[in-house]
Amino acid sequence: MTAQRLIALLGRRDEPTDAVEDYCRYLGQALVAHNIQFEIRRVPWNQHGWRASFEALRLQAKVWRGTWILVQYTALSWSERGFPRRFIKVLRELKKSGARIAITFHDAEPFGGTRVVDRFRRMIQLRVMRSAVALADHAVLTVPPEKLSWAGNIPEKFSFIPVGANLPLPSAPQQHDRLHAPPAVGVFSITGGIAGDRETRGIIAAILHASQQLGPLRLAVFGRHAEVRERVLREALKDQAVELDVTGLLEDTTLLTKFAAVDVLLFLRGTISSRRGSAIAGIACGLPVIALQGSETAPPITTAGVFLLPENLGEETLQAQIGQALVRILSQNDLRLQLIRRSCAMYEQFFAWPAIAKRYAEFIQPTKQ
C-alpha cells in the first residue's frame, strides 16, 4: 500500500536548537506506523527574503494539490520581532494550490507585555491566529480550547494534541523508585533575560531550603542557558550542602541520562501546560514535577505527576512554597511514588509519540479509523 504523504511546513530555524523541528522529526518517526510518509520543508525567509521564499513556495505547492500540509506556527518563526502578518500569505498560497491545510499552534496565545509595542504586537498576533484558523482545514491546539482567550474563533474541525518530549525514549520507562544518594533535583533549561534571573533565584532559594531540612542534595541544571547561570549558582551555593552539576546543551540520548540521574524535576519556566515540552520531558521520564499553575494549566497536565503551586504569589512566598514542595516529595516516599505512577500513566496515554501520532492520523486518515 502506498504511503500517504504529509508535509510539515516550518518558518525560520530557531538557534541554537529548534524545538519545533525536533517535534516534527519525532512525530514523523511515529507516523510511520500509520503508513504516513512525513517530510519537513521550510520557508527560509530570513535567509533568502520573503519575495524569493514566496516564489519557491509557489513552485513547490504546484504538486501539493490534495496533500495535507502541516504548518507549524510560532510568531517568531514567521517574523523577526513577532509580527507574523506574512504568515497569512503563506496560507493563501497553499490554499491556491489546492493543498489541505492543518496548523499546529505551538504558540497557544499571543505574547504578553504592557508597552504600546506589546499591545500592538498582541493585536497583530490575534488577528493572524484568527485568520489562520479561518483558512485552515484543521487546527491542532496544544492546549485545550477552553483555556484559550480566542476560543470562540476555533472552528469545529480541530484536535487538542499535547506536545511530546523531544527525546529518544526507550520502550521501557525510566526507573525512579529509589532515591539517589544524595537525593537529586533536576532543572531542564532556564529562560534567558530577566525571567531567567527570577527563575535562578527561585531555584537557589528552593534548593537551600530543602538542603537545610533534608541534608546534602545534588542539583543538576542542564539544557538551554544552563551554563549562563552557572557562576551565579556556584556563588550562591558555595559552602552549602549542595553538589552542583551544570551542563549546557546536550544530545538527546545524553539528556536521557541526566533525567535518569535525578529524583524530581523543578520547572519554573513560566507556568506549566500541555505545550511546554521541557516540562513534559520530565513527565515522559517518569519523574515528579514541581511547577507553577497558570491560565493554560489543565488536564492531562493536572492529572500527571505534577505538584502544582499557584503563580500569583509574592516572590519570597513562592520560593518558600517551592522549597517546601521539594522537601515533601523527597521525604515522603508514598507521595513521590504516587506522582511517579501518575507521570508514567499520563505519558503513555497523552504525551508518548505513538499516542500523539494516532491523534494526527485520526484527521489525516479519517476513513481508516
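When the GluC sites (Glu not before Pro) in the range 40-114 are filtered for DSSP coil states and for at most 12 other beta-carbon atoms within 10 Å of their beta-carbon, the remaining sites are 80. The value of relative contact order for the range 184-351, using C-alpha pairs under 8 Å at least six residues apart, is 25 percent. A P(r) calculated from all alpha carbon pairs of the range 1-121, with 5 Å bins opening at zero, reads 2, 10, 20, 22, 20, 14, 7, 3, 1, 0, 0, 0 percent. Per the Kirkwood formula applied to alpha carbons, the chain shows a radius of gyration over Rh ratio, Rg over Rh, of 0.99. A Stokes-Einstein calculation at 37 °C with viscosity 0.692 mPa s, built on the Kirkwood radius of the range 44-88 over Cα pairs, returns a diffusion coefficient of 282 µm²/s. Under conditions of 10 °C and 1.306 mPa s, the range 9-59 yields 130 µm² s⁻¹ as its translational diffusion coefficient, taking Rh as the Kirkwood radius over Cα pairs in the Stokes-Einstein equation. Note on 302, 271: ascending count of other Cβ atoms within 10 Å places them as 302, 271, the fewest first.
With the highest mean first, a sort of the peptides 284-297, 122-135 on other beta-carbon atoms found within 10 angstrom per residue produces 284-297, 122-135. Helices that extend 15 Å or more along their long axis by alpha-carbon positions and average at least -1.0 on the Kyte-Doolittle scale are, among the DSSP H runs of the chain, 19-31, 50-61, 86-97, 116-135, 193-214, 315-331, 333-346, 353-364. Scoring 25-35, 171-181 by mean Cβ neighbours within 10 Å over their residues and listing the highest first yields 25-35, 171-181.
Would you kindly state how much longer the chain becomes between residue 333 and residue 261 on full extension, computed as 0.36 nm times their sequence separation minus their alpha carbon distance, in nm to one decimal?
Working: separation 72, 0.36 × 72 = 25.92 nm, distance 1.73 nm.
Taking 0.36 nm per residue and subtracting the Cα distance, the gain is 24.2 nm.
Legend: ranking of residues 346, 1 from fewest to most surrounding C-beta atoms inside 10 Å; resulting order 1, 346.
Computed per residue of the chain from DSSP H runs no shorter than four, each worth -39500 (n - 2.57), the mean residue ellipticity at 222 nm is -13000 deg cm²/dmol. The value obtained for the range 184-351, namely the Cα convex hull volume divided by the number of residues, is 101 Å³ per residue.
None of the figures in this text is laboratory data; all of them are computed from the coordinates on show. Keep in mind that this is a model prediction, so the values were computed, not measured. We place every Cβ from the backbone using ideal geometry, glycine too, and count neighbours over all the protein chains shown.
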